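Here the structure is laid out as structure tokens; the discussion comes afterwards.
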Amino acid sequence: MLSSKASCNSHGEDSSYFLGWQLYDNNPFHGVVNPTGIIQMGLAENQLSFDLVESWLRKNLDAMGLKKDGESVFREALFQDYHGLPAFKKELVEYMAKIRGNKVTFDPNNLVLAAGATSANETLIFCLVDPGQAILLPTPYYPGFNRDLKWRTGVEIVPVHCWSSNGFRITMSALEDAYQSAQTLNLKVKGVLITNPSNRLGTTMTREERSHLITFAIAKNIHIISDEVFAGTVFDSPGFISIMEAAMDRSLENENPGLWNRIHIVYSLSKDLGLPGFRVGMIYSNNETVVSAATRMSSFGLVSSQTQYLLSNMLANKKFTSKYMKENQKRLKRKKEMLVSGLRTSGMECLKSNAGLFCWVDMRHLLSSNTFEAETKLWKTILCEVGLNMTAGESCHCSEPGWLRVCFANKSQATVQIAMRRLRDFAER
């Protein structure tokens, strides 16, 4: 006999998003060993600047070897405190500010470390929302949120439906419609979670969207969770504006301290620095009670002291972080333009984007009918016959069929060219 949690299927991993990964794992592409295998274009991982990180590591062997000035700090790094190493938290908030153009500052005392953004998001939901209550989430959104936000917390997700007619932008009417839908379902809405830059579209929020969000949160007396894990991937204008900067522009700390204490940020180093395996995530909040509760909960998903020590040294090197940010953004823009050009050659257009590790691709003209069934058929064909694992829009709860997400930062230029050649041949057929 198992618990209902272990035996139920509410984990959300039965979507096509995870099925595509399973099929890829069984037949992964390799230029020499398996040239006809499936090319993974569903992985939002930044592999374009590994060489910059590796170069820093080679030049800083003391940090790698847990040494300082040649002397071992191994015993110091053995100490594990769920508050985190002060030196690391200091460097982390400075790096967060740097990514945001130093237009906003962060207090390390308001920072809670977590084992990646997945853990941070779930911990924050545990702090803000009770089982059976709801959060609003604009579409399209990351399929893993069904697992990260719902599975263990018992919280419901109510979609805020966004449409291609305005570039999938968040409108006040869409927020109101979602709120009314929740009320119809007898669900109490506790907050709205946004990803900025968007973790599907690769776009940064507009001033109008930020204004809608803040005005809506004030009117409904709810929380705002801003997942900003792609903040450092913005490679084109308009620039990135954090929810914290938007709150400061509205003088919320003085004019509306209630909402000021209901704004929370989730961040990690997985996308910006390309370090997903290091499992470094964080929650930032001006709410002392949230920070206190989340810190205690972080015991279930700590960042190792060794990792904190290494990264505090890396982030303290301002020359390195400046070079990395500038070069990484140039490489992302170049690779994105390469993908867009290849897709256009195949007769496919992308939503205009300025951030992220992916493109939101319009394949509506390839559907046999304007239905999600037709989209699933197209997605399966591209996966199983063309050999490309993309992310179907339906798995992202997109409101319209025919949109697929394609990642570009996890593959070499040669592999992307092979993928585009396969897609071009398919489109011609």
Using modelled amide H (1.01 Å from N, peptide plane; none on Pro or chain starts), what sits under 5 Å from the amide H of Glu45, excluding residues fewer than 5 places away? Ala409, Asn410
What trypsin sites (Lys or Arg not before Pro) does the range 347-408 have in DSSP loop regions with at most 13 other beta carbons within 10 Å? Lys352
How much accessible area per residue does the chain have, in Å², with a 1.4 Å probe? 44 Å²
Environment charge at Ser368 (Cβ cut-off 10 Å; Lys +1, Arg +1, Asp -1, Glu -1): -1
To the nearest 0.05, how large is the calculated FRET efficiency for Asp249 and Asn186 if R₀ is 41 Å and r is the Cβ-Cβ distance? 0.70
Dipole size in debye (nearest 20) for the range 311-429 around its Cα centre, Lys and Arg Cβ +1, Asp and Glu Cβ -1? 940 debye
Zone of Ala6's modelled label, taken as backbone nitrogen in the range 122-154 under 17 Å from a point 7 Å along Cα→Cβ: 152
Val155's amide H: which non-local residues (gap 5+, or another chain) put their own amide H closer than 5 Å, with H modeled 1.01 Å from N in plane and none for Pro or chain starts? Gly132
Any idea what the dipole of the chain comes to, in debye rounded to 20, about its Cα centre with Lys/Arg Cβ at +1 and Asp/Glu Cβ at -1? 900 debye
Low-density loop cleavage sites - GluC sites (Glu not before Pro) in the range 231-328, where at most 10 other Cβ are within 10 Å (DSSP): none
Karplus ³J(HN,Hα) for the range 387-396 (6.51 cos²θ - 1.76 cosθ + 1.60, θ = phi - 60°; Hz, whole; x = Gly/Pro) runs x, 10, 8, 9, 9, 5, x, 4, 5, 9
Classify the range 1-63 as rounded, prolate or oblate, taking a ≥ b ≥ c as the square roots of the eigenvalues of its Cα gyration tensor: rounded when a/c is under 1.5, otherwise prolate if a/b is larger than b/c and oblate if not. oblate
Taking amide H positions as placed 1.01 Å from N in the peptide plane, with prolines and chain starts having none, which residues 5 or more places from Trp403, or on another chain, fall under 5 Å of its amide H? Met363, Gly393
Contour minus Cα-Cα distance for Thr376 and Ser292 (0.36 nm per residue): 25.8 nm
Could you size up the charge dipole of the range 67-316 around its Cα centre, putting +1 on the beta carbon of Lys and Arg and -1 on that of Asp and Glu, and report it in debye to the nearest 20? 340 debye
For the chain, cysteines whose Cβ has no other cysteine Cβ within reach (under 4.7 Å): Cys8, Cys127, Cys162, Cys384, Cys396, Cys398, Cys407
DSSP beta bridge pairing in the chain, given as percent antiparallel to the nearest 5: 50 percent
Under the rule rounded for a/c under 1.5, else prolate if a/b exceeds b/c, else oblate, using alpha carbon gyration tensor axes a ≥ b ≥ c, the chain is classed as oblate
Of Ile99, Phe426, Gln329, whose Cα points farthest to the positive end of the dipole of the chain (charges on the beta-carbon: +1 Lys, Arg; -1 Asp, Glu; origin at the Cα centre)? Gln329
Under the rule rounded for a/c under 1.5, else prolate if a/b exceeds b/c, else oblate, using alpha carbon gyration tensor axes a ≥ b ≥ c, the range 108-253 is classed as rounded
From phi via Karplus (6.51, -1.76, 1.60), per-residue ³J(HN,Hα) for the range 276-289 in Hz, x at Gly/Pro: x, x, 6, 6, 10, x, 7, 10, 10, 8, 8, 8, 4, 5
If we sort 43-52, 98-107, 258-267, 144-153 on the protection proxy, mean other Cβ atoms within 10 Å, highest first, what's the order? 258-267, 144-153, 43-52, 98-107
Counting only protein chains, not ligands or nucleic acids, how are Arg279, Arg58, Arg421 ordered by accessible area (probe 1.4 Å), most first? Arg58, Arg421, Arg279
Count charges around Gly277 for me, please; just the other residues with Cβ under 15 Å from its Cβ, Lys/Arg as +1, Asp/Glu as -1. -1
Report the net charge of residues surrounding Asn34, where surrounding means a beta-carbon distance below 15 angstrom and charges are Lys +1, Arg +1, Asp -1, Glu -1. +1
Square roots of 5 times each gyration tensor eigenvalue, C-alpha, the range 92-191, largest first, Å: 27, 20, 12
When N counts the residues of the range 67-316, how does its alpha-carbon radius of gyration compare numerically with 2.2 N^0.38 Å, as a ratio? 1.01
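The values are calculated or read from the model by the stated rules, or taken from the named source; none is laboratory data. Note that this is a predicted model, so its numbers are computed, not measured. Don't worry about glycine lacking a Cβ; one is built from the backbone with ideal geometry, like all the others, and counts go over all protein chains shown. For accessibility, only protein heavy atoms count, side chains too; no ligands or nucleic acids. Shrake-Rupley method; radii C 1.70, N 1.55, O 1.52, S 1.80 Å.
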